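Please read the structure below before turning to the comments.
The values are calculated or read from the model by the stated rules, or taken from the named source; none is laboratory data. What you see is a predicted model, and the numbers here were worked out from it, not measured in a lab. Ideal geometry is used to build each Cβ from the backbone, glycine not excepted, and the neighbour counts take in all protein chains shown.
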């Protein structure tokens with residue numbers, strides 16, 4: 001049976017990746033059991049060659065052979081993978097909870113189901129059938145969203161087999177005849193520390209540049225109507241140190257979420273009285289002497305799905321605006337609605353939610369709209385509008401952004417923003433902001449240049465924005481070398497140079513940094529980075545010398561042990577807004593992931609920070625420890641224990657969770673947490689404790 005277009009042979013011979021894959025209609029749905037004995041797989045696999053590495057370096061041919069089959073029926077799309085391995089006993093696979101097997105071997109696919117070039121479903125499966133999924137929007141891959149799909153895996157004498165069933169209800173696509181999607185495949189080898197893809201991704205490219213056409217003769221979207229009612233019962237107690245426990249408070253909450261498929265490519269989500277209890281607590285971070293706020297990831301399901309659609313071009317951890325829409329600013333939503341979809345080349349999203357956390361029983365209303373027009377290969381023109389309303393006060397921002405590519409090596413993007421703000425005091429302010437970035441990337445050379453500007457009066461309630469009143473540029477250059485022969489265990493050597501210059505009109509001065517460094521990548525997922533940074537920073541109209549001497553690295557020591565760490569010493573600033581001063585800061589960190597068995601996992605992270613005045617006296621020393629222990633009985637049921645310690649707050653957190661997940665949305669949690677504190681150097685005693693039970697059910701109507 002011929003399942004690939006007739007020009008595939010010549011395309012493979014020429015090394016191009018424009019093959020058109022035709023899915024096979026299955027007369028009998030295959031069983032998802034990790035055994036390739038179904039009629040749907042009784043033909044030759046697609047001739048997908050070559051698979052080429054993309055991480056940690058690009059362009060190496062695949063070391064292990066992979067075969068792929070695709071089938072479909074009226075209910076689902078099916079994928080089967082035969083992953084050959086010349087040493088099966090060294091395959092790493094664990095029984096763990098969803099989205100937690102990234103260090104294992106795995107096979108994966110990226111599916112642009114609407115072929116709009118803006119949103120793709122990424123599905124990863126380890127050899128034991130454990131799922132990991134991520135929603136890719138633009139260049140952002142977010143593993144927080146979960147959707148319903150089935151998978152199975154099995155290790156055998158030739159390697160391992162994975163089967164996937166993707167229900168049509170779980171994805172958006174254009175119904176009808178000759179349905180076209182975009183698809184590509186990935187494979188990761190843990191012991192080699194290398195990931196490959198088909199089709200190949202050239203340097204500077206991402207999935208939307210490389211998707212191959214996937215064709216279905218006829219495919220129709222089933223009606224989508226999902227309801228997830230939830231109920232939470234909690235019991236809390238608190239007390240001051242050395243005082244008797246106060247009366248326990250009990251609370252019961254009912255909530256519901258609804259997803260409705262308006263069309264085959266447009267979906268409406270709504271939630272009423274959502275329960276956003278933190279089943280996943282935030283890991284402790286260093287919060288002492290931070291010039292800018294500490295960033296905590298979004299963990300609430302209603303906001304996480306499709307969140308990347310709201311990203312503006314050029315935002316990220318290396319720019320002043322980390323993200324234009326940080327939904328954790330909606331602290332306690334009472335209700336929310338979200339509309340997402342595609343229409344031809346257009347992708348759009350609308351989010352509206354009320355925040356009930358403000359004192360005085362006042363609600364703050366957040367409304368965010370986003371629209372993108374796709375021009376192929378990850379190129380688009382977009383608009384973003386945000387509005388927050390609180391009584392007579394408001395903050396309104398309009399933004400436009402663009403991302404375009406010139407040839408396979410040069411990418412540029414830009415964003416312009418304008419804000420209009422009315423404060424509760426009656427004062428009005430407005431301001432402009434903008435940023436632009438250009439990237440040139442080949443297998444040998446990477447060049448990036450970024451410039452940004454934000455007026456003093458610019459405000460954006462929805463954003464995670466470190467500072468305004470600043471004009472700043474930074475530039476980065478990296479040259480990459482790929483040793484061979486006796487040094488082939490070194491996969492890549494990359495000398496680099498980074499520099500920044502800025503004018504901070506709020507702090508009244510300039511900032512300059514220059515950082516040369518070098519990066520190494522080794523076998524066993526090993527890496528090492530060394531850099532040396534010197535410059536100055538202005539704070540409170542005073543100039544201070546800053547910089548760092550930095551080293552960080554890590555490696556997969558064995559199949560079950562991964563270790564990484566950081567050493568750093570730097571001239572630094574104590575950010576007292578009235579009387580700042582200079583000193584020397586020392587940072588040490590260690591992270592250990594140990595899995596003594598396929599079901600038991602331990603993760604330990606330790607951070608140490610010390611600050612001494614230039615004169616020599618110690619200002620502070622702090623220790624932060626995060627320990628997570630998980631035992632996974634099967635893919636659905638796990639027990640987890642967490643211990644977290646912060647010496648600066650003299651606080652110890654203990655947290656226990658039992659969780660059973662039948663499917664995404666149908667889950668039961670039982671948790672207990674306790675906070676211990678030390679006051680005035682007294683021994684640690686419990687000051688707060690809580691017990692909760694939460695259950696939710698996903699119903700397809």
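Annotations for the structure displayed:
- If the condition is being closer than 23 Å to residue 208 by Cβ, at pLDDT below 90 and in a strand (DSSP E or B), then region 358-389 contributes only 374.
- Some residue of region 591-604 being modelled with pLDDT under 95, surrounded by 17 or more Cβ atoms within 10 Å (Cβ to Cβ) and not in a strand (DSSP E or B): yes
- Tallying residues that are under 27 Å from the mean Cα position of the chain (by Cα), at pLDDT 90 or above and part of a loop (DSSP other than H, G, I, E, B) within region 42-61 yields 1.
- Screening 526, 565 for residues that are crowded, with 17+ Cβ neighbours inside 10 Å and under 29 Å from residue 492 (Cα atoms) leaves exactly one candidate, 526.
- Condition met for residue 152 (part of a strand (DSSP E or B) and either over 21 Å from the mean Cα position of the chain (by Cα) or within 16 Å of residue 68 (Cβ to Cβ) (or both)): yes
- Residue that is in contact (Cβ under 8 Å) with a residue 12 or more places away in the chain and either buried (at least 19 other Cβ atoms within 10 Å of the Cβ) or farther than 23 Å from residue 418 by Cα (or both), where the choices are 329, 373, 362: 362
- The set of residues in region 173-188 that are touching a residue at least 60 places away in the same chain (Cβ under 8 Å) and over 21 Å from the mean Cα position of the chain (by Cα) comprises 173, 174, 175, 180, 181, 182.
- Flag for residue 547 being over 30 Å from residue 96 (Cβ atoms) and at pLDDT below 95: yes
- Lone qualifier among 429, 403 - being part of a strand (DSSP E or B), over 29 Å from the mean Cα position of the chain (by Cα) and in contact (Cβ under 8 Å) with a residue 24 or more places away in the chain: 429
- Residues that are within 13 Å of the chain's Cα centre (by Cα) and in a loop (DSSP other than H, G, I, E, B), drawn from region 296-307: 296, 297, 298, 299, 305, 306
- Boolean, residue 578 is in contact (Cβ under 8 Å) with a residue 12 or more places away in the chain and either assigned to a strand (DSSP E or B) or within 26 Å of the chain's Cα centre (by Cα) (or both): no
- Only listed residue being farther than 20 Å from residue 338 by Cβ and in contact with a helix residue (DSSP H, G or I) (Cβ under 9 Å, 6 or more places away or on another chain), chosen from 360, 391, 376: 376
- Matching residues in region 479-499 - criterion: being surrounded by 15 or more Cβ atoms within 10 Å (Cβ to Cβ) and either under 24 Å from residue 192 (Cα atoms) or touching a helix residue (DSSP H, G or I) at 6+ places or on another chain (Cβ under 8 Å) (or both): 480, 482, 490, 491, 492, 493, 494
- Yes/no for residue 101 being in a strand (DSSP E or B), modelled with pLDDT under 95, on the phi < 0 side of the Ramachandran plot and buried (at least 23 other Cβ atoms within 10 Å of the Cβ): no
- Residues satisfying the stated conditions in region 190-220, i.e. over 30 Å from residue 88 (Cβ atoms), touching a helix residue (DSSP H, G or I) at 6+ places or on another chain (Cβ under 8 Å) and crowded, with 19+ Cβ neighbours inside 10 Å: 219
- Residue 210 satisfies every condition listed in (1) within 23 Å of residue 38 (Cβ to Cβ); (2) modelled with pLDDT under 90; (3) in contact with a strand residue (DSSP E or B) (Cβ under 7 Å, 6 or more places away or on another chain) except (1).
- Among the candidates 558, 630, residue that is surrounded by fewer than 15 Cβ atoms within 10 Å (Cβ to Cβ) and within 30 Å of the chain's Cα centre (by Cα): 558
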